[in-house]
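Below is one structure, written out as structure tokens, with a few remarks after it.
The values are calculated or read from the model by the stated rules, or taken from the named source; none is laboratory data. Nothing here was measured: the structure is a model prediction, and the numbers come from that model. Note that we place each Cβ from the backbone using ideal geometry, even for glycine, and neighbour counts take in every protein chain shown. To get the accessible areas, we keep the full protein, side chains included, count just its heavy atoms, and leave off ligands, DNA and RNA. Shrake-Rupley method; radii C 1.70, N 1.55, O 1.52, S 1.80 Å.
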Amino acid sequence: MERAIKLKVRKELDGRQQFNIIKLKGSLISKGYTEIIHILDQDDEYHINSFETSVESTNEVKDFIRAFITSENLTDTVTVFK
């Protein structure tokens, strides 16, 4: 069974933030956590990026995302959306 994970991503980004968001998405795909990431508008400020991953990997993926957000100083840019 698959489990959806959603990320809330700010629309207004500087060049460094854009690069790091692309790097995060690429890492999720290259590590085999997902094959595709869907992007939808939430409102004027945020996009919702969603993807499916295996139930067994859900906690590992969320831990990876949180660590990436912290290490790349993206706390005001992207969050795991509940």
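Scanning region 30-45 for residues that are under 13 Å from residue 78 (Cβ atoms) and either open to solvent by less than 40 Å² (accessible area, probe 1.4 Å) or touching a His at 6+ places or on another chain (Cβ under 8 Å) (or both) returns 37, 39. I want to confirm something. Restricting to region 6-18 and keeping residues that are open to solvent by 80 Å² or more (accessible area, probe 1.4 Å) and under 13 Å from the mean Cα position of the chain (by Cα), which single residue is nearest to residue 70 (Cα to Cα)? Within region 6-18, the match that is nearest to residue 70 (Cα to Cα) is 18. For region 7-16, a residue qualifies if it is outside any loop (DSSP other than H, G, I, E, B) and over 17 Å from residue 80 (Cβ atoms), and the qualifying residues are 15, 16. Scanning region 38-78 for residues that are more than 11 Å from the chain's Cα centre (by Cα) and assigned to a helix (DSSP H, G or I) returns 55, 56, 57, 58, 59, 60, 63, 67, 70, 71.
Between residues in region 8-29 that are under 13 Å from residue 76 (Cβ atoms) and residues that are modelled with pLDDT under 95 and basic (Lys, Arg), which pairs lie under 7 Å by C-beta distance while being six or more apart or on different chains? No pair meets every condition.
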